[in-house]
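Accompanying notes for the structure given below.
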Amino acid sequence: MKKLIVILIIIIISAFTFLSFSTREIILNEDGYYVSEYAYMHKDEWASVNWDNSIYASPVDYLTHVDSLVEDISSYLEEDDWLRENVSDKEGYENLIEMKFHNNNSQASGGRYDEGQAYIPPVVNINIKRAENNVLNVAHELTHVLAPYALSKTLSEGLACHIQDTFTPESPSFISDANHIVSETLKDGQYIIDYLGSTENGKNKLYASDRNELLMYYAYSQSFSEYIIETYGLKTFMTFYQSECKAQDYMTLFNMTRDELIATWLDHLDLRKD
């Protein structure tokens, strides 16, 4: 109930923020790009998607929502200073977040998603079919370029799924609840648990081509990450998120080993099933 109230408050705040963004001018520049405060998109990118069934009536609507999400996510993660210092048009709109569409899985690059100190202008590619069917995973991909870099890909994906469900609950990460997916697939998902909260990312296994296995990977990552957020708070999670996930990090932040934290998470899921 407490979590539901928090989510409702965030939605209300987001709605007011969205309305405030609607008064900001979004221009179509001489290069053919629509440019907002934090993002830009070429007119041909917009034209590559059939928006007939979409909630967005125009590129202005779309970038207005992107701007709203960028501010909401940055505020939630307390990363406003980084946002205003880096995602800025003071040196030209190319430093903003470029929004694109393609036929592959949605993905993000640049910003803080790539390891390194130098700022790489972010690019967010959204799957065309998802956009056309109002499966809005924009918040997920924006999280990757706005949140600090994480050595653990399970924590990175877990946070992105959490943000997606928090700020766009009308378009959740999964049709079924992530915890339910874990409970139903636990027998087959042990290999994913082996990588949770670890910098041993096992990319060949975790980023599987099989859709069901990929679904499990994201669901387990979200469930584990949200357990930490709900139990220990977002600040503790973000400290862990930016750590090397070593044994000492577990003891300092949670006063238990990794195996013990995994066990308490699974116990928590068992309690929820009752």
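Filtered by the rule that a residue be surrounded by 14 or more Cβ atoms within 10 Å (Cβ to Cβ), under 17 Å from Tyr119 (Cβ atoms) and among the small types (Gly, Ala, Ser), segment 57-98 gives Ser74, Ser88. Among the residues of this structure, Asp188 counts as one that is out of contact with any strand residue (DSSP E or B) (no Cβ under 7 Å at 6 or more places or on another chain), at pLDDT 85 or above and over 18 Å from His268 (Cα atoms).
For segment 64-107, filtered to residues that are aliphatic (A, V, I, L, M) and part of a loop (DSSP other than H, G, I, E, B), the residue that is nearest to Asp31 (Cα to Cα) is Leu96. Considering (1) charged (D, E, K, R); (2) surrounded by fewer than 22 Cβ atoms within 10 Å (Cβ to Cβ); (3) in the same structural domain as Ile27 (by TED's automatic domain parsing), say which one Glu170 fails and leave the rest. Among (1) charged (D, E, K, R); (2) surrounded by fewer than 22 Cβ atoms within 10 Å (Cβ to Cβ); (3) in the same structural domain as Ile27 (by TED's automatic domain parsing), Glu170 violates only (3). Take Pro172 and decide whether it is in contact (Cβ under 8 Å) with a residue 40 or more places away in the chain and assigned to a loop (DSSP other than H, G, I, E, B). Judged against the criteria, Pro172 is not a match.
Per the listing Arg112, Arg130, Arg84, the residue uniquely within 24 Å of His162 (Cβ to Cβ) and free of Cβ contacts under 8 Å to residues at least 24 places away in the same chain is Arg84.
The values are calculated or read from the model by the stated rules, or taken from the named source; none is laboratory data. Computed from a prediction, not measured in an experiment: that's the story for all the values here. Please note: Cβ atoms are built from the backbone with ideal geometry, for glycine as well, and neighbour counts cover all protein chains shown.
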